[in-house]
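Read the structure below first, then the notes.
The values are calculated or read from the model by the stated rules, or taken from the named source; none is laboratory data. Everything numeric here is computed off the predicted structure, so don't read it as measured data. Cβ placement follows ideal geometry from the backbone for every residue including glycine, while neighbour counts extend to all protein chains displayed. Calculation scope for accessible area: heavy atoms of the full protein, side chains included, ligands and nucleic acids excluded. Shrake-Rupley method; radii C 1.70, N 1.55, O 1.52, S 1.80 Å.
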Amino acid sequence: MTNPILVPILGDQLSRNLSSLDGLAPGEAVILMMEVWDEATYVRHHKQKIVLIFSAMRHFAEELRAEGWQVDYVTLDDPANTGSFTGEVARAVERHAPGEIRVTESGEWRVHQAMCEWEGRLPCPVSILPDTRFIATHAEFRAFAEGRKHLTMEYFYREMRRKTGLLMRDDGKPVGDQWNLDADNREPPKGDMKAPPAPKFAPDAITQDVIALVGQRFADHFGDLEPFGWPVTRAEALEAAAAFFAQRLDLYGPYQDAMVHGSDDLYHSMLSTSLNIGLLDPLELCREAEAAYKSGRAPLNSVEGFIRQIIGWREYVRGFYWHAMPGLAEANELAAHRPLPEFFWTGETDMRCLSDCIRTTREDAHAHHIQRLMVLGNFCLIAGIDPRQVADWYLAVYADAFEWVELPNVAGMVLYADGGKLATKPYAASGNYINKMSDYCGKCRYKVAQKTGPNACPFNPLYWHFMDANRDRLASNHRIGRIYATWDRMGEAKQREYLESAEKFLDSLVPASKGWARNA
């Protein structure tokens, strides 16, 4: 092939409808795929996350070859591997002498900045194309954000409903006359609640090779390597999606905020990894959910809640990320500087809720959104943990975490580090919330009903310690400011008990002893 188009495809771009492939025939292009050290280690990703991405890449490459495409695939253990995207693109240019490089934009600021330098460093033109797999364009989000002090997701979500037509009537109004049914989706767990398990997929020979590679090269990274059961092909991802729609969508809505010790998935879809690496398309999932509602297989509150997570929240945080970068990465509005505790890596804590959430994170590179927000994130918020360390932890440990989706969630939703541009209030809560929405507290060493002292649930004094420490910033917030009237009515003696209990607990926290998240 003379002067082909060189098409680099990244590990989260495993989609046949990728913009860089649009209009191309196999005889016109060389596809470049690269396993590079820099991407596996810029944070020390969970072992299963690395297996997922590398295995999915290798399977995608084989599918493309079967369709007749020429794929230049660089494995991690190739002795000539430079370890970076830029280095591998430069080597591919030497091998293939392309007339053009055509690439779909990266999802991450760091990689996008590197891509923007390629044309100046390489002897051929470079076209960076929009990622059309997302529903909202960058321009649409900029138009939404223009002139707004608070970028409230709800209003953006309604625009996406209108754009897609999902759950919309012919008169332009939402099905059911309500845009958002979140109020119907806050049921606590009931009894010994067991949901049908999400499918697990046995590793084939390709995945087994990657598992062996990761076990050898990344042995000191966080997380269990096996058992590994994530979907690594589109066919497996479609099977996982079909199981969710058939077995769990109907109860996903009411129990999406529920937490049960040892039951890691409950009714959640477990499809975010497949979405975020490109094996599934967001609109195809939303239309399948809508069809389940129309056929009577799932109630409106479950279907609307699922669709909102995708065309509302997922699209919104992607737009917010590009709107707020690069400053979002260093945001720390509440001046939180306490180091991340060691137990976030070991799980060795007597707080049963945190221990269980860290266990599932270690075992499966997954925890569902309320575990991430209201247990793990809530603790980091009210304990004043440094946002950069928290963001690195989330990015490293979750298989579905890419910076465009992880950082807005952590800096904005979890930690209020952006000062309220994303969330209208800090999502701080005492142990009462966790007790209401889970079965964690009953067998915990700490007593959720006890407010202060060595046996009190640490979330209780930490909550008031946080509120007191941030009064100057939060008292005027219309959603939580009234809480200070409760604090003031307690009197100085009770306030002192809360603050002293919190300080004693905080003093007992052991900082992480090694650079688990980032290489030194």
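The helices (runs of 4 or more DSSP H) located wholly in the stretch 418-520 that include 3 or more residues which are within 23 Å of PHE343 (Cα to Cα) occupy 431-437, 459-469, 492-508.
Checking the structure you have, find out if any residue of the stretch 150-170 is more than 22 Å from GLY305 (Cβ to Cβ), touching a residue at least 60 places away in the same chain (Cβ under 8 Å) and open to solvent by 30 Å² or more (accessible area, probe 1.4 Å). Yes, that holds for at least one residue. Filtered by the rule that a residue be of a type in the set (A, V, I, L, M, F, W, C) and under 19 Å from GLY327 (Cα atoms), the stretch 88-115 gives TRP109, VAL111, ALA114. Here ALA183 fulfils each of the conditions (1) at pLDDT 95 or above; (2) over 19 Å from ASP439 (Cα atoms) apart from (1).
Within the stretch 92-107, residues that are over 13 Å from MET1 (Cα atoms) reach partners that are open to solvent by less than 10 Å² (accessible area, probe 1.4 Å) and polar (S, T, N, Q) with beta carbons closer than 8 Å, at six or more positions or on different chains, in the pairs ARG102/SER20; VAL103/SER20; THR104/GLN13; THR104/SER20. Restricting attention to the stretch 362-388, the residues that are of a type in the set (D, E, K, R), in contact (Cβ under 8 Å) with a residue 60 or more places away in the chain and buried (at least 21 other Cβ atoms within 10 Å of the Cβ) total 1. The set of residues from the stretch 280-318 being closer than 17 Å to THR132 by Cα and open to solvent by 50 Å² or more (accessible area, probe 1.4 Å) comprises just one member, GLU284. Selection within the stretch 1-23: residues that are out of contact with any strand residue (DSSP E or B) (no Cβ under 7 Å at 6 or more places or on another chain) and among the small types (Gly, Ala, Ser). The member of this set that is farthest from GLY68 (Cα to Cα) is GLY11.
Residue by residue, here is whether (1) under 30 Å from THR360 (Cβ atoms); (2) open to solvent by less than 10 Å² (accessible area, probe 1.4 Å) holds:
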| residue | (1), (2) |
| --- | --- |
| ILE5 | no, no |
| PRO8 | no, yes |
| ARG16 | no, no |
| LEU24 | no, no |
| TYR42 | yes, no |
| LEU52 | yes, yes |
| MET57 | yes, yes |
| LEU64 | no, yes |
| VAL71 | no, no |
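Has the stretch 161-174 got at least one residue that is over 24 Å from the mean Cα position of the chain (by Cα), at positive phi and modelled with pLDDT under 95? No, the stretch 161-174 contains no residue that is over 24 Å from the mean Cα position of the chain (by Cα), at positive phi and modelled with pLDDT under 95.
If we scan the stretch 344-352, do we find a residue that is assigned to a helix (DSSP H, G or I), surrounded by fewer than 19 Cβ atoms within 10 Å (Cβ to Cβ) and aromatic (Phe, Trp, Tyr)? Looking through the stretch 344-352, none of the residues is assigned to a helix (DSSP H, G or I), surrounded by fewer than 19 Cβ atoms within 10 Å (Cβ to Cβ) and aromatic (Phe, Trp, Tyr). For the stretch 276-330, a residue qualifies if it is out of contact with any helix residue (DSSP H, G or I) (no Cβ under 7 Å at 6 or more places or on another chain) and polar (S, T, N, Q), and the qualifying residues are SER295, GLN309.
Which ones in the stretch 455-468 are open to solvent by 20 Å² or more (accessible area, probe 1.4 Å) and either within 16 Å of CYS441 (Cα to Cα) or among the basic types (Lys, Arg) (or both)? Answer for the stretch 455-468, where residues must be open to solvent by 20 Å² or more (accessible area, probe 1.4 Å) and either within 16 Å of CYS441 (Cα to Cα) or among the basic types (Lys, Arg) (or both): just ASN455. Residues in the stretch 122-147 that are crowded, with 16+ Cβ neighbours inside 10 Å and of a type in the set (Val, Ile, Thr): VAL126, ILE128, ILE135. The numbered conditions (1) closer than 18 Å to ALA396 by Cβ; (2) out of contact with any helix residue (DSSP H, G or I) (no Cβ under 7 Å at 6 or more places or on another chain) are all true for GLU28 except (1).
All told, ILE101 meets the bar of being more than 22 Å from GLY305 (Cβ to Cβ) and buried (at least 19 other Cβ atoms within 10 Å of the Cβ).
Beta carbons closer than 9 Å, at least 6 apart along the sequence or on distinct chains, pair a first residue in the stretch 389-411 that is closer than 19 Å to ASN332 by Cβ and free of Cβ contacts under 8 Å to residues at least 60 places away in the same chain with a second that is assigned to a helix (DSSP H, G or I) and of a type in the set (Gly, Ala, Ser) for VAL390/GLY377; VAL390/ALA411; TYR394/GLY377; GLU406/ALA391; VAL410/GLY377; VAL410/ALA391.
Filtering the stretch 108-121 to residues that are open to solvent by 30 Å² or more (accessible area, probe 1.4 Å) and in contact (Cβ under 8 Å) with a residue 40 or more places away in the chain leaves TRP109, ARG110.
The residue list ARG359, ARG338 contains one member that is within 30 Å of ASN460 (Cβ to Cβ), in contact (Cβ under 8 Å) with a residue 60 or more places away in the chain and basic (Lys, Arg), which is ARG338.
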